[in-house]
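Written out below as structure tokens is the structure these notes cover.
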Amino acid sequence: MESASRSRRDAGEGQMPNTDADIGRLLLRCPDRPGIVAAVSTFLTRWGANIVSLDQHSTEAEGGTFLQRTIFHLPGLAAALDPMDAEFAATVGAEFEIDHRFTDAAKPKRVAIMASKTDHCLLDLLWRNRRGELDMSVVMVISNHPDLADQVRPFGVPFVHIPATRDTRAEAERRQLELLRGNVDLVVLARYMQIITPDFLAQIGCPLINIHHSFLPAFIGAAPYHQAKERGVKLVGATAHYVTEVLDDGPIIEQDVVRVNHNHTVPDLVRLGADVERAVLSRAVLWHCQDRIVRHHNQTVVF
């Protein structure tokens, strides 16, 4: 089951022919008990929907948490989605205590990217989006430095410079929230080198995904790759995770590593680490935009 699910992820959205028009997605999480799949399937059938694919997972054989991702086709989905959502919540959702979300596959996520001076993750996301590899609408780039403005301009994405330091963080976050709140579905921290405060997280109203170096092991502070070289590490890698109030402790979405040895210099480690960061972050953003991720406590299930 896991290998099949990963193959589908790597291949994209099930290779739907031609268009995502009238393709809906349903993500759900609830206490596990018999009858959930039957109830959900019956509900969708009653609405005239045809189930295209269904992935599910239970955390325990008995008494665990049930998680499911369903892809379905329903003519006239855009008009039906809100009443379907409301009816599901009042019927199947209430009966099985389901936390659920319906989405329209034809409606790209509105995404804002936040960055500082380092460009590799930011430019990779913009490039993949322009090539059609990431089905999202990048509505703005926000940076606490002006350095990347000229590199972002050719992509036709608004670049907003909001200076942010430890001393000006409160004012910077106020200005950021004015731009973001209610206007985006996801914020991606593409090597944004400022702490995100709990107050910002409480007000933003959407998830944040962060990328950071890992498998170094956890070298903190400045110059992590210099520390890695001094320790003679054999792996460098990256972790993409959702942002929570606890720094770098949110639910992990994706990780990867590359093997290194004593012949690699610090610039080699930086280059290899950047390559892994780009790949890991782009996969995490892709899976989020395709509604493949269900959070369970401080973990994720990626279908």
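The values are calculated or read from the model by the stated rules, or taken from the named source; none is laboratory data. Here the structure is a predicted model, which means the values were calculated and not measured. Note that we place each Cβ from the backbone using ideal geometry, even for glycine, and neighbour counts take in every protein chain shown. With ligands, DNA and RNA removed, areas are computed over all heavy atoms of the protein, side chains included. Shrake-Rupley method; radii C 1.70, N 1.55, O 1.52, S 1.80 Å.
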TODO: Considering every residue within the stretch 64-77, establish whether at least one is open to solvent by 40 Å² or more (accessible area, probe 1.4 Å) and without any contact (Cβ under 8 Å) to a residue 40 or more places away in the chain.
DONE: no
Task: Every residue from the stretch 177-199 that is part of a helix (DSSP H, G or I) and surrounded by fewer than 21 Cβ atoms within 10 Å (Cβ to Cβ) - done: 177, 178, 179, 198, 199
- [ ] Among the numbered conditions (1) of a type outside the set (Val, Ile, Thr); (2) in a loop (DSSP other than H, G, I, E, B); (3) closer than 22 Å to residue 109 by Cα, tell me where residue 29 comes up short.
- [x] (2)
- [ ] Out of 244, 265, 239, report the one residue that is open to solvent by 60 Å² or more (accessible area, probe 1.4 Å) and among the hydroxyl-bearing types (Ser, Thr, Tyr).
- [x] 265
- [ ] State whether the residues of the stretch 205-226 include one that is farther than 26 Å from residue 298 by Cβ and open to solvent by less than 40 Å² (accessible area, probe 1.4 Å).
- [x] yes
Open item on the list: Being closer than 16 Å to residue 301 by Cβ and not assigned by the TED database to the domain that holds residue 294: is that true of residue 73 here?
Closed with: no
Open item on the list: What are the pairs with Cβ atoms under 9 angstrom where one residue, in the stretch 44-58, is on the phi > 0 side of the Ramachandran plot and the other, located anywhere, is of a type in the set (Gly, Ala, Ser) and surrounded by fewer than 16 Cβ atoms within 10 Å (Cβ to Cβ)? Sequence gap at least six, or different chains.
Closed with: 48/76
TODO: Considering every residue within the stretch 152-159, establish whether at least one is touching a His at 6+ places or on another chain (Cβ under 7 Å), surrounded by 16 or more Cβ atoms within 10 Å (Cβ to Cβ), in a strand (DSSP E or B) and in the same structural domain as residue 288 (by the TED database).
DONE: no
- [ ] Restricting attention to the stretch 180-202, report how many residues are farther than 27 Å from residue 254 by Cβ and not charged (D, E, K, R).
- [x] 1
Task: the stretch 78-90, subset in contact (Cβ under 8 Å) with a residue 12 or more places away in the chain and within 23 Å of residue 296 (Cα to Cα), residue most open to solvent (accessible area, probe 1.4 Å) - done: 85
TODO: For the stretch 35-50, indicate whether the set of residues that are in a strand (DSSP E or B) and within 27 Å of residue 132 (Cβ to Cβ) is non-empty.
DONE: yes
- [ ] Please specify each residue of the stretch 123-151 satisfying the condition of being among the polar types (S, T, N, Q), touching a strand residue (DSSP E or B) at 6+ places or on another chain (Cβ under 7 Å) and surrounded by fewer than 20 Cβ atoms within 10 Å (Cβ to Cβ).
- [x] 137
